[in-house]
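*Asks:* Before anything else, here's the structure in question.
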Amino acid sequence: MKLLVTGGAGYVGSVCAAVLVEHGHEVIIIDDLSTGNREAIPAEAELVEGSVREKAAEVLGRGGIEGVIHFAARSLVGESVLKPEIYWQDNVLGSLALLDAMRENGVPNLVFSSTAATYGEPEQVPITEDMPTAPTNPYGATKLAIDHAITSYAHAHGIGATSLRYFNVAGAYGSIGENREVETHLIPLVLQVALGHREKIFIFGDDWPTADGTPVRDYIHIRDLADAHVLALETNQPGTHRIYNLGSGDGYSVREVIEMCRKVTGHPIPAEITERRAGDPATLIASSEKIKHELGWNPTRTDLATVVQDAWNFSRELGDRAHSAARVR
Ligand code: UDP
């Protein structure tokens, strides 16, 4: 299929773009490179540089595009609390521009990168898709608003759509991993301590209602996540909007993640407790039974050790790359 991948230079988008290319799809990427990396884009893909709001109509207006995988978004919980305007404008208005361009050009197939943050603080875990959605931060609220928009566009205009609600994506695939200019995610930050790029890791609160007092998250391997996108794309039904959770089904506390990073890296990784981060829920664990049952999704990298090991291999490679680039300069 000829596909548009928005946000294909980002961490999740670029791994999915690589996997789609491996599956024989032709990929066009829209990315403004504000947080993504040009080097992460597969060589076979075309890059259209700019925002989704600016470029969606132009690219889909070329014709021949059969499906869209929509990743482009602002995605930091803490930032969304401080600067909600960026999230409502870029996430919601960008997605509406994309949906309109799909409607106008008769593009029938959409996979949307949604999030566990749409559920907010869950009443119970694991979280199933029928549980109430009550986001605790603007990031989750914008993604939920887009999910609602997709439902109505799918029903009214015959688009076949799937929203994939990711829990905490981590790990690496080949030479693509988490490589952001400003890193805020737990595993890459902890690994930066192991690499000697940071002195210590700050734990955002140890007074949460969890077993060890630190927040619990469900870490899903990026490669397993990419497989789910391909499955969703290939099975979308016209006029239907499906929603699936994607996680490993196991929860790990911040302390447990740090401990696993110590084990994998052999580094002591000093940690210090600091204040809670605004917008964080205490526990997020996915039930992914629905996508396993309905689409046959079969994640194979579900243990935290594999996730951290792959992330560590990537972080070291990134460190080596930065080191040789500095020497060339
Ligand atoms: N976290 C932390 N210190 C950090 C970064 C994250 O304690 O330097 C915690 C954060 O409060 C959350 C968990 O680690 O409970 C995962 O955070 P991350 O930003 O990786 O993903 P999120 O759950 O926000 O999507």
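*Asks:* Could you tell me whether any residue of segment 60-73 is more than 19 Å from Leu144 (Cβ to Cβ), part of a strand (DSSP E or B) and free of Cβ contacts under 8 Å to residues at least 60 places away in the same chain?
*Replies:* no
*Asks:* Any idea which residue in segment 45-83 is farthest from His23 (Cα to Cα), counting only those that are in contact with a helix residue (DSSP H, G or I) (Cβ under 6 Å, 6 or more places away or on another chain) and within 16 Å of the ligand (Cβ to nearest atom)?
*Replies:* Ser80
*Asks:* Would you check if Ala56 is out of contact with any His (no Cβ under 7 Å at 6 or more places or on another chain), modelled with pLDDT under 95 and buried (at least 23 other Cβ atoms within 10 Å of the Cβ)?
*Replies:* Details: out of contact with any His (no Cβ under 7 Å at 6 or more places or on another chain): yes; modelled with pLDDT under 95: no; buried (at least 23 other Cβ atoms within 10 Å of the Cβ): yes.
When the stated conditions are applied, Ala56 does not pass them.
Matching residues to (1) touching a strand residue (DSSP E or B) at 6+ places or on another chain (Cβ under 6 Å); (2) of a type in the set (A, V, I, L, M, F, W, C); (3) farther than 26 Å from Ile127 by Cα; (4) surrounded by fewer than 16 Cβ atoms within 10 Å (Cβ to Cβ):
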| position | (1), (2), (3), (4) |
| --- | --- |
| His241 | yes, no, no, no |
| Gly249 | no, no, no, no |
| Val254 | yes, yes, no, no |
| Ile269 | no, yes, yes, no |
| Glu275 | no, no, yes, yes |
| Asp280 | no, no, no, no |
| Ile291 | yes, yes, no, no |
| Glu294 | no, no, no, yes |
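*Asks:* Continuing with this model, one more query. Out of all the residues in segment 152-166, is one or more within 13 Å of the ligand (Cβ to nearest atom), assigned to a helix (DSSP H, G or I) and either within 19 Å of the chain's Cα centre (by Cα) or without any contact (Cβ under 8 Å) to a residue 12 or more places away in the chain (or both)?
*Replies:* no
*Asks:* Would you check if Asn313 is in contact with a Lys or Arg (Cβ under 8 Å, 6 or more places away or on another chain) and outside any strand (DSSP E or B)? Talk me through it step by step, then tell me what you get.
*Replies:* On the way: in contact with a Lys or Arg (Cβ under 8 Å, 6 or more places away or on another chain): no; outside any strand (DSSP E or B): yes.
So Asn313 does not fit the description; no.
*Asks:* While we're on this one: Would you please name the residue that is nearest to the ligand (Cβ to nearest atom), looking only at residues in segment 269-286 that are within 17 Å of the chain's Cα centre (by Cα) and in a loop (DSSP other than H, G, I, E, B)?
*Replies:* So, considering only residues that are within 17 Å of the chain's Cα centre (by Cα) and in a loop (DSSP other than H, G, I, E, B), the one nearest to the ligand (Cβ to nearest atom) is Asp280.
*Asks:* Quickly run through segment 59-80 and pick out the residues that are modelled with pLDDT of 95 or more and of a type in the set (A, V, I, L, M, F, W, C).
*Replies:* Within segment 59-80, Val59, Leu60, Ile65, Val68, Ile69, Phe71, Ala72, Ala73 meet the criteria.
*Asks:* Does segment 218-236 include one or more residues that are buried (at least 17 other Cβ atoms within 10 Å of the Cβ), in a strand (DSSP E or B), modelled with pLDDT of 95 or more and of a type in the set (D, E, K, R)?
*Replies:* The answer is no, given that none of the residues of segment 218-236 is buried (at least 17 other Cβ atoms within 10 Å of the Cβ), in a strand (DSSP E or B), modelled with pLDDT of 95 or more and of a type in the set (D, E, K, R).
*Asks:* Please name all residue pairs, on different chains or six or more residues apart, with Cβ atoms under 6 Å, provided the first residue is in segment 111-134 and is within 16 Å of the ligand (Cβ to nearest atom) and the second residue is modelled with pLDDT under 95 and among the acidic types (Asp, Glu).
*Replies:* none
*Asks:* Counting just the residues of segment 121-179 that are among the polar types (S, T, N, Q) and more than 27 Å from Leu82 (Cβ to Cβ), which one comes out surrounded by the most Cβ atoms within 10 Å (Cβ to Cβ)?
*Replies:* Checking each candidate, the answer is Thr162.
*Asks:* Please count how many residues of segment 1-27 are over 18 Å from Ile176 (Cα atoms) and buried (at least 17 other Cβ atoms within 10 Å of the Cβ).
*Replies:* Residues meeting the conditions: 3.
*Asks:* Of the numbered conditions (1) of a type outside the set (Ser, Thr, Tyr); (2) under 26 Å from Gly120 (Cα atoms); (3) more than 12 Å from the ligand (Cβ to nearest atom), Arg262 fails exactly one; give the number of that condition.
*Replies:* Status for Arg262: all satisfied but (2).
The values are calculated or read from the model by the stated rules, or taken from the named source; none is laboratory data. Here the structure is a predicted model, which is why all the values come from computation and not from measurement. Cβ coordinates were reconstructed from backbone atoms using ideal geometry, including for glycine residues, and neighbour counts include every protein chain displayed.
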